[in-house]
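Engineer: The following block contains the structure, expressed as structure tokens.
Just so it is clear, none of the values below were taken in a lab; they were calculated from the coordinates. Owing to the predicted nature of the structure, the values given are computational and were not obtained by experimental measurement. We place every Cβ from the backbone using ideal geometry, glycine too, and count neighbours over all the protein chains shown.
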Amino acid sequence: MERVCFLLRVRPDRLGEYKARHREVWPEMLGALRTTGWRNYSLFLRDDGLLVGYLECDDFEASLEAMEASEVNALWQADMAPFFELPGGERPDTGLDRLEEVFHLA
């Protein structure tokens, strides 16, 4: 099992709407995440827009590839892209700044 932590940056002027959107994630998107192996997935947001994501999966690269192949992911990413500060017009799911795990207390 892999534990994955990543960073993104939400535009500070869009924080309220970003949080509201995540109270009502599309059922099809939730299903795609589960089907492609994302488990124990959480997002944490700081007031300045720093977003920290955490998830567990068997193989993160395989899970990303499976999400890439899902139609709902493309729609969700396009809908959510305006909320993020991303260099070079990347999509949120390709602009993840993955952190290295250096310690885990089991």
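Engineer: Can you tell me which residue in region 6-31 is surrounded by the fewest Cβ atoms within 10 Å (Cβ to Cβ), limited to those that are among the aliphatic types (A, V, I, L, M) and closer than 25 Å to Gly88 by Cβ? Even if it seems obvious, please write down each step before you answer.
Structural biologist: Taking region 6-31 as the starting set, the residues that turn out to be among the aliphatic types (A, V, I, L, M) are 7-8, 10, 15, 20, 25, 29-30.
Checking the rest, the ones that are also closer than 25 Å to Gly88 by Cβ come to 7-8, 10, 15, 29.
Numbers: Leu7: 13, Leu8: 21, Val10: 22, Leu15: 17, Met29: 18.
Applying the filter and picking the extreme gives Leu7.
Engineer: Looking only at region 51-85, count every residue that is surrounded by 16 or more Cβ atoms within 10 Å (Cβ to Cβ) and either touching a His at 6+ places or on another chain (Cβ under 8 Å) or within 11 Å of Leu8 (Cα to Cα) (or both) and tell me the total.
Structural biologist: Here the count works out to 4.
Engineer: Scanning region 37-48 for residues that are of a type outside the set (A, V, I, L, M) and closer than 18 Å to Pro92 by Cβ, which turns out surrounded by the most Cβ atoms within 10 Å (Cβ to Cβ)?
Structural biologist: Here is the first cut: in region 37-48, the ones of a type outside the set (A, V, I, L, M) are 37-42, 44, 46-48.
Keeping just the survivors that are closer than 18 Å to Pro92 by Cβ gives 38, 41-42, 44, 46, 48.
Working: Trp38: 19, Tyr41: 14, Ser42: 10, Phe44: 10, Arg46: 12, Asp48: 9.
Per the criteria, the residue is Trp38.
Engineer: Out of Leu43, Leu55, report the one residue that is of a type outside the set (D, E, K, R) and touching a residue at least 24 places away in the same chain (Cβ under 8 Å). Can you show your working first?
Structural biologist: Details: Leu43 fails: touching a residue at least 24 places away in the same chain (Cβ under 8 Å).
Just a single option satisfies the conditions, and that option is Leu55.
Engineer: Right, here's the next one. Return the only residue of Arg34, Arg3, Arg91 being in contact with a helix residue (DSSP H, G or I) (Cβ under 8 Å, 6 or more places away or on another chain), among the basic types (Lys, Arg) and either part of a loop (DSSP other than H, G, I, E, B) or surrounded by fewer than 17 Cβ atoms within 10 Å (Cβ to Cβ) (or both).
Structural biologist: Numbers: Arg34 fails: in contact with a helix residue (DSSP H, G or I) (Cβ under 8 Å, 6 or more places away or on another chain); Arg3 fails: in contact with a helix residue (DSSP H, G or I) (Cβ under 8 Å, 6 or more places away or on another chain).
Sole residue among the options that is in contact with a helix residue (DSSP H, G or I) (Cβ under 8 Å, 6 or more places away or on another chain), among the basic types (Lys, Arg) and either part of a loop (DSSP other than H, G, I, E, B) or surrounded by fewer than 17 Cβ atoms within 10 Å (Cβ to Cβ) (or both): Arg91.
Engineer: Okay, moving on. Which numbered condition trips up Glu90, out of (1) at positive phi; (2) in contact with a strand residue (DSSP E or B) (Cβ under 9 Å, 6 or more places away or on another chain); (3) of a type outside the set (A, V, I, L, M)?
Structural biologist: (1)
Engineer: Looking at (1) assigned to a helix (DSSP H, G or I); (2) hydrophobic (A, V, I, L, M, F, W, C); (3) touching a Lys or Arg at 6+ places or on another chain (Cβ under 9 Å), which one does Val72 not meet, given that it meets all the others?
Structural biologist: (3)
Engineer: Continuing with the same structure: If you scan region 38-71, which residues turn out to be touching an Asp or Glu at 6+ places or on another chain (Cβ under 9 Å) and of a type in the set (A, V, I, L, M)?
Structural biologist: Leu55, Leu64, Met67
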